[in-house]
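Any read-out appearing in this document is the output of simple, stated calculations on the displayed coordinates, not a laboratory observation. This structure is a prediction, so every number in the text was calculated from the model and none was measured. Counting neighbours? That spans all protein chains shown, and the Cβs are built from the backbone with ideal geometry, glycine included.
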Amino acid sequence: MLNFTREHFRDYPYRTPAHHGGNDAAGGALYWRFLREYLWPNRWALLLSILLVAVNANYSYVISYLNRVVVDSILVVGGETSEIPDTQVRLTAQDHIPVARHPPEVSQGRRIGLGVRFTNRPAEAGRKLFWLAVVYILTQFSFNFVARWAARRQIAVNQVILGKLREDLHQKVLDLSLSYHHRLGTGRLLSRIMSDTGAAKTALNEVISVGTRGASMLAGGVAILLVGDWRILMLLCACAPVFILLRKKTRPEVQRLQIEQRQTNSCIYGLVSQKMDAVKAVQSYGRERGEILAFHRLSSAYLRDAVRVEWYFMVTNFWTWLIVHLVNCVIFLYGGYLVLQGRMSLGKMLFLQSTANLLFQPVTDFTQLSFILQRLQVALARCFGVLDEPLEITEDPNAVPFPTPLCQGVAIEHLSFQYPAGSDASLTPEERERNRNHRQLVLDDVSLFVPAGQWLCIMGASGSGKTTLLHLLARLYTPTAGSIRFDGVDLQKIQFASLRERLGVVPQEAQIFSGSMRDNIAYGYLNATNQQILKAAAAAQMHDFIMEMPVQYETLIGEKGQSLSGGQRQRLSLARALLTNPDVLLLDDCTSALDANTERRIQETLATQLVGKTAIMVSQRISMAVRCHQIAVLADGHVAELGTHQQLMANNGFYAKLFREQTE
Amino acid sequence: MSSQNKIGRVFGFARKYRRLIVAAVLLTMLLAGMAVVPPLITRALVDRVFTCGETDQFLFLGFLFLAVPILSQVLAIAQKTLSVMVSVNLINNLRLAIYRHLLYLSLRFFNRTSPGKVVNRLMEDTWAMQTVCGGPCLTVISDLIIATSATMATIAINWRLALALYAVIAVFVLNYRLRIKKIIRYSRLVRREDDLLNAGVQNRMGGDLAIKTFGTEAREHLAFHDQDVISLDYGYTRDVANNTFWMNVSLINALGTAAIYLLGCAMVLQGEMSYGDVMAFSGFAAQLLWPAVRFSQLVGQLQEAGVAAQRLFELLDEPCEITEKPDAVPCRRLKGQVDFEDVHFHYEPGVEVIKGIDLHVSPGQTVAFIGATGCGKSTLLNLIARFYDVTGGTLRLDGRDIRDYRLHDLRSQFGIVLQESHLFSTTIRENIAYGRINATEEEVVQAAKAAEIHDFIASLPKGYDTKVGEDGLALSVGQKQRINIARAICADPAIMIMDEATSSLDSDAEAAIQRAMTRVLANRTSFVVAHRLSTIKNADQIILLDHGVIVEQGTHDALMAIPNGRYHDLYTKHIGKGVLED
């Protein structure tokens, strides 16, 4: 278990290697930015809380000073042996011990202990002790309430910062394009918004409280020792290099292990969620045993690292503790020697010893601080990584509304498109470069014109760029070259809001939101009346099956509700788009998961609903294509065939072949 | 389940490590015993050496003062190492047991439970248990011993002061009791709100295309903001309640120690105690107060771990619906004769999905199920692969009830291609060879060629070693589908099941795959569900289902020959004989 040289257990196909990176220069920039954007607006609240924490940190010194007063001027324990000869003390003591106070069961040792010079004690010791007690209690109350106040301020500020960070991230993620969403996946985006911000908040809180407390205690302790006994301070200073050395030796290793651990953990999550998603595949190929083994290896690798980190911590803590303990003992014994020599009072000795002891607190605090800062840096880097992601699609400042009504039509001119490079971590830069050159254009110089009020059907083999073309028309991606114009207005120059309002999209894989059926249909048009919703549902052929459900339009669907079949989902997204009554409709093979009867009925309703609208649709079905004014066949990103049904049939190409296949 | 039972079950997973546990417990007890010594040394130093000037004791006591804590620290490291090892292994075993169980659970469970929830339980709940199983359990033991010995020591030194100390401890516990309810309540609220926030974001990420196309970003962000405000608000209340609790703890601690100290000093003035006694007393007070807080905390932690254990055991107790008979027969490759004998099935009692199906399929035949959505096509396929057990009648494979076969052997007879294609985040090669790990390069390539995906893979820079999925190459739906088909082909099954396997492909690619499939399917029984009737025309039997019963059955030609038959009707409509009339 503790063989630190063997690392092979982490090499595993399901575990992508961790990235060890992140330099301190980048860290500085991150902190600066965090300070400017998130901390600065709350500067007064933060300052107040820092001040309060600083004041509160010196609480322990005050208490040990009060203890010194008790020992030296009230109880007058030990100490000034030089003033009174030993023998005299004992005699006096014994003379003064009243018999009644000392029942026989009191041990001899105690009797000796009690033989402290009563004569030496001030007469009003009792009263002094009482007043001291009052001061003592007042001090504690005041410090406690200062601390309470400080913590409350701190909590409030933390929540504000957390909220802002979270909302900024959420806003940004919503604004980012689909290609980014696709690259990161839901799980990772979610962890950015929720857990990284939480981690940043916790780390920030710790930095402020630990850092301030450490600095304040350090200053207070050094001041006390300077006044009290500089030799003790020297001794402590001599220990500092040992601490630094210790930290230097273990920190990189611990950090490395923690990065490995985090990576393994995210791999386990990935593995498990993937397999849980596809249990049917695992079971149907009888791969349960293999999967258990895969899980076992990852889980073991994680726990091995966890044990190692724990071990490192224990060893480091032990050495730290040992130094503290040794120094502590040396001071105690050295102080004891001075006391016995009569060169220092017992109270002062105890006070200095506890001060020296307390001074180790900031030292360990600062050791911890570097770990916390590391955590903060990682969390911030991940948050700002998202916030800095350039927006691929932005609204032009001089944007104009969508031309309504559309008079001329939609012009696609020399359109080319290439998907942005993926982030395959396992590729070397050369391979990535090769990949980039290799990746061909999905769309290559496509030019089409759809007159207003006419329908264009796009056909072609899978991977020929049909869906990409629709996504470009909806401005979900930005074309690599060429342009799309609506009535001569460039798509890039159209206001987002009006574009979304006038352009309806029915995607191939319909997305549903957790909520009622009604909410889902009315997603694009919140103010729709019941009548309109019913009409849209009926047009999409989903009214009947909704009415078969126990609570009909109020049926919950999505995460917590009923699951819908592929066909039902497609019909839902069609109803959603029809409800918004757009001028231009983009339909992406929206009947592929439907059975023949439903498909036919939907085609018939579409034929009536789309009259007067401009429509561009992707379809595999000849029966849909023949209803369109124009048909375009895409092949490898080019327009291979273009024309009406008759023209294409005469052309005797892909379309004619498809027609024969589907009607023979 | 009673809590004792739960604890017993948790430790059932640690039985292998009982020696380590015993060693850890013994070490803990030793350490706790040693904790009494340091305050007594301080006391002796102050009373004997500093007060009475017994300088000859100075060196000896000084040595003890130095050495005893070092010894106990070294022992503490050993103890902690042991406890970490035990807890880590314990949790690992628990996780493995749960994961294994999950993989064997029936699809009914996964239809009911979202994968995210299962993953959370597997990962988070086991962590919650680990935090308790390691250190805290041993802390209880050591705290109990330390508390006992400290109690005895304080009573021996001065019983009246000891009473004062217990009063302080009582206030300590009272503070915990009064405060903890609010903290727990708000912690739960925060967790609930965060879950909602999470679910909201997840929902939005799943619907990103819809959000973009309807331009509802602002509305969605507002929804997030509203939810966020609630969550932050509860978070503030929880943190403040927590803070109040801890501030109370430190106030009571400070005042309590001060009171004990000052009372002790007053007693010194009265001559009832020595100052060394007071110092020792303060040391013991610290040993007694913190266990009181820790104990209170532990109750909460134990409660949380109890909830986690409860949920984990719920998972473990989820009955494996599909079980193997003890006398199940092993089987090699079967011929592939399938018989349905009056098969009935329902997901929920009272709602029959399959209502008495009789069907004989000879080896090598291709059977196509068609019918409207919800007619029971996919359910039948699930029954054949025994993802569910029939609720009535029998299903025979090569003349033997499928429930008599060993599950692993039975499942390895099938190659299944589903409508929703899953790829695992690994190389394409591993994805294709998933059903047969020891497949040769040649076999993988052959399968890819048959699924019409080889050319595409070969065109990639890393070829079959290209990673797909989360961190890898993004594939289109059609490409994923073809890799899935390649996977099924590569597994070389006796029976092929295709549930809408080609729905995402264009007709051209589909036709190509069909041609390849006829070769691959030559001597295999196969079951096909498809919307496109053109793809199933050549099937040996076409079964038209309606609400769980067979309506029409026969070859394409036989069915087309039925005048006004349902299939005839469907086919003419579908194939577009009427297309040009519109």
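Summary of values
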| item | result |
| --- | --- |
| Region A:604-656 - Rg (one decimal) and Dmax (whole number), Cα, Å | 11.6, 33 |
| Kirkwood hydrodynamic radius (C-alpha pairs) into Stokes-Einstein, chain B, 10 °C and 1.306 mPa s, D in µm²/s | 52 |
| Shielding of A:579-589 by partner chains, average beta-carbon count, 10 Å | 1 |
| Entries of B:117/B:182; A:275/B:449; A:275/B:480; A:201/B:181 with Cα pairs more than 18 Å apart | B:117/B:182; A:275/B:449; A:201/B:181 |
| FRET E, pair residue B:100, residue A:549, Förster distance 35 Å, beta-carbon r, rounded to 0.05 | 0.40 |
| Of the trypsin sites (Lys or Arg not before Pro) in region A:497-566, those whose Cβ has at most 12 other Cβ within 10 Å and which sit in DSSP loop | A:560 |
| Span-like helix ranges in chain B, DSSP H, alpha carbon extent 18 angstrom or more, Kyte mean at least -1.0 | B:18-34, B:58-104, B:135-157, B:159-206, B:217-270, B:275-317, B:477-490, B:507-520 |
| Spin-label model distance (nm) - residue A:527 vs residue A:313, 7 Å beyond Cα toward Cβ | 5.7 |
| Highest-first arrangement of A:56-65, A:286-295, where packing means the average Cβ count within 10 Å | A:56-65, A:286-295 |
| For region B:28-180, alpha-carbon Rg and Dmax in angstrom | 24.2, 82 |
| Neighbourhood net charge (13 Å Cβ-Cβ; Lys/Arg +1, Asp/Glu -1) for residue A:484 | 0 |
| Highest average packing first - A:571-582, A:270-281, Cβ atoms within 10 Å | A:571-582, A:270-281 |
| Cα centroid of region A:229-289 to Cα centroid of region B:189-255, whole Å | 27 |
| Peptide-level mean, for B:232-243, of C-beta atoms on other protein chains within 10 Å | 4 |
| Residue-wise HN-Hα coupling along region A:133-149, computed from phi with Karplus coefficients 6.51, -1.76, 1.60 (Hz; x: Gly, Pro) | 4, 4, 4, 3, 5, 4, 4, 5, 4, 5, 4, 4, 6, 4, 4, 4, 4 |
| Given charges at Cβ of Lys, Arg, Asp, Glu: chain B dipole, positive-most of B:240, B:399, B:346 | B:240 |
| D (Stokes-Einstein, µm²/s), Kirkwood Cα radius, region B:159-272, 1.567 mPa s at 4 °C | 72 |
| The protein assembly as shown - share of DSSP beta bridges that are antiparallel (%, nearest 5) | 50 |
| Point-to-point label distance, residue B:440-residue B:332, nm (Cα→Cβ direction, 7 Å offset) | 2.0 |
| Other-chain or far-sequence residues with amide H under 5 Å of residue A:418's (modelled H) | A:442, A:480 |
| Protection-proxy order for peptides A:505-517, B:337-349, B:140-152, each taking the mean of Cβ atoms within 10 Å per residue, highest first | A:505-517, B:140-152, B:337-349 |
| Over the protein assembly as shown: helical MRE at 222 nm, DSSP H runs n ≥ 4 each giving -39500 (n - 2.57), nearest 500 | -20000 deg cm²/dmol |
| Charge dipole (debye, nearest 20) of the protein assembly as shown; +1 at Cβ of Lys and Arg, -1 at Cβ of Asp and Glu | 3840 |
| Shielding of B:274-282 by partner chains, average beta-carbon count, 10 Å | 4 |
| Net dipole in debye of region B:159-272 [+1 Lys, Arg Cβ; -1 Asp, Glu Cβ; about Cα centre; nearest 20] | 500 |
